[in-house]
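Every number here is computed from the coordinates shown, using simple stated rules; none is lab data. Keep in mind it's a predicted model, so treat the numbers as computed, not measured. Because the Cβ atoms are built from the backbone with ideal geometry, glycine has one as well, and the counts that use them run over all protein chains shown.
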Amino acid sequence: MMSRKVPIIAIATAPGKAGVGIVRVSGAKLSPLVEALFQKPLKPREASLLSLRDSAGAVIDQLIAVYFVSPASFTGEDVLELQCHGGPHLLELVMKRCLELGKNIDLEIAEPGEFTLRAYLNDKIDLAQAEAIADLIDAQSEAAVRGAARSLQGVFSENINDLIEEITQLRILVESTLDFPEEEIEFLENAQARERLKIVTNKLAELRAGAQQGKILRDGIQLVLAGAPNVGKSSLLNCLAGEDVAIVTPIAGTTRDRIRESINLDGVPMHIIDTAGLRETSDLVESKGIERSWDAIRTADLVIFLQDSNLAPGPEEESLKLKILGEISPKCSVLEVFNKADLLGSRDAVGRGMGLLISAKTGEGVNALKKKILEVAGWDGHQEGVIVARRRHLDCLDRASEHLDKSRQFAANGNSSLELFAEELRLAQDQLGQITGKLLPDDLLGKIFSQFCIGK
Ligand SMILES: Nc1nc2c(ncn2[C@@H]2O[C@H](COP(=O)(O)OP(=O)(O)OP(=O)(O)O)[C@@H](O)[C@H]2O)c(=O)[nH]1
Ligand SMILES: [Mg+2]
């Protein structure tokens, strides 16, 4: 896929019926195809109402064609956009006709993400912007849309490039000193290398904090409701979702399988999973369900360990809690929540002053719980200015930050470690360069674009 030069075609709109459906073609030189399709050249960037005919001369569709001539197009190549009526069979016919007439220019069906890949390879956008296109389309909340749009505008890339530029300046200073060893002695002081490094480190820390928020906005939070049977997990799911998604009964062991529901909390996508109550059982179906509960717990970002506030805490709760803590991933937190507060009356939650007290039935305490969920998940509540980010970006920022830390240690050693100081700066810079794609292993590029949908 990486080195394909052939012209490509795909339906750019979603599958299914719609008012309009778009077929998009991109290639180095599309004028022969345009002539073959419409028996005349098209003026660039002008909408033309045209009829597309099949080989027998029958009209397939009356459509609007827009022709973009290289390099002034999305991909940087010639691009032809056909805005047809939005029927799936009709669009297949249009594609088929284009492929027939495009045979002599070797027109082929596009692979997922191939249009965006070309835009990237032709320097129309950088890698972070290309990823932002996919994130914009996949965005699960309005806040995520705005965050992806900011990335696409290049805000994230600009921040990264500024940082790279500052590290470059610092490297030039150090490396020029290395060429004149007699001047090394005063270098670290004169060039204010340590101060400059500190500024860069602080900027990177700021960017990391923002990217962490952006990751939450993009991927949302996997929230798992776990606990013994009958404590009210399904009731809590229904309460959070605002509708009866899960069956609730007084019978312990009601929920047998995982139930998923996605909601939006303060613009953050929240993927809630209700699970089968955790207990020892000889029932085969229930035990399968409980296995699935543990699977969900293992992949959660946050587990709510729900308990009944009316029951005195016993060794079972304690051992269940320890077991959950033993199963979760390192980045997951467990939130202890006590349900059925409405039944407590004036009694205290038996010896459990520490946890969050709610009632899934009356909704009491649920707003506080929502706030707590966002807080524990690391959401700071500021949507403005957030830029969506991916795990890949966070990993690069983390590694860049480790290298800056090391370079700071070498700087502290004085001039004897100047070369190592410079080398760590270079490694930090490489990591930042991977975000925008300046320095990227080839296999990674294929991996990133293969996650796009066809037609993008
Ligand atoms: N009074 C009161 N009853 C509740 C509350 N939450 C749940 N219940 C009741 O407790 C019983 C069990 O609720 P579920 O939501 O089915 O409990 P669960 O944890 O999903 O149970 P399993 O699916 O069996 O593991 C039902 O009768 C609910 O109506 C609450 O906050 N207050
Ligand atoms: Mg249940």
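If you build the convex hull over the alpha carbons only and average its shadow over all orientations, what do you get for the range 2-156? Give it in nm² to one decimal. It would help to have the intermediate numbers written out before the result.
Working: hull surface 38.0 nm².
Quarter of the Cα hull surface area: 9.5 nm².
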Log entry: pair-distance distribution for the range 46-134, C-alpha pairs binned every 5 Å from zero, whole % per bin is 3, 12, 18, 21, 21, 14, 8, 2, 1, 0
Based on the Cα atoms of the range 244-370, what semi-axes does the equivalent ellipsoid have, where each is the square root of 5 times one gyration tensor eigenvalue, given in whole Å with the largest first?
-> 22, 19, 16
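According to the square roots a ≥ b ≥ c of the eigenvalues of the Cα gyration tensor, what is the shape class of the range 1-58, taking rounded for a/c under 1.5, prolate for a/b larger than b/c otherwise, and oblate for the remainder? Walk me through the intermediate numbers first.
Values: a/c = 1.60, a/b = 1.08, b/c = 1.48.
The shape class here is oblate.
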Quotient of C-alpha Rg and 2.2 N^0.38 Å, computed over the range 397-456 = 1.54
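GluC sites (Glu not before Pro), restricted to the range 30-121: which are DSSP loop and have at most 16 other Cβ atoms within 10 Å? Walk me through the intermediate numbers first.
Values: sites: GLU35, GLU46, GLU77, GLU81, GLU92, GLU100, GLU108, GLU114; in loops: GLU46, GLU77.
Loop-located and lightly packed - GLU46.
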Percent antiparallel among DSSP beta bridges confined to the chain, nearest 5, equals 60 percent
Set LYS323/LYS370; LYS29/LYS438; LYS331/LYS438; LYS288/LYS370; LYS40/LYS103, cut-off 21 Å on Cα-Cα distance; pairs above it are LYS323/LYS370; LYS29/LYS438; LYS331/LYS438; LYS288/LYS370
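Against the empirical 2.2 N^0.38 Å scaling, what ratio does the C-alpha Rg of the range 196-281 come to? Before the final figure, lay out the partial values.
Values: Rg = 18.8 Å, N = 86, 2.2 N^0.38 = 12.0 Å.
The range 196-281 yields a ratio of 1.57.
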With a bin width of 20 angstrom, please list the P(r) values of the chain as percents of all Cα-Cα pairs, from the 0 bin to the one holding the largest distance.
-> 20, 36, 33, 10, 0
The range 351-456: GluC sites (Glu not before Pro) in DSSP coil with no more than 10 other Cβ atoms inside 10 Å | GLU384
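Would you mind calculating the relative contact order of the chain from Cα pairs under 8 angstrom and at least 6 residues apart, reporting the percent as a whole number?
On the way: 819 pairs, mean separation 77.7, N = 456.
Reported as a whole number, the value is 17 percent.
Helix-derived [θ] at 222 nm for the chain: sum -39500 (n - 2.57) over DSSP H runs of at least 4, divide by residue count, nearest 500? Spell out each step's value before the answer.
Details: 15 runs with 210 residues, N = 456.
Calculated mean residue ellipticity at 222 nm is -15000 deg cm²/dmol.
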Positive-pole candidate from GLY154, THR249, ILE216, dipole of the range 140-284, charges at beta carbon = THR249
State, in angstrom, two size descriptors of the range 297-449 derived from its alpha carbons: Rg to one decimal place and Dmax to the nearest whole number.
-> 23.5, 71
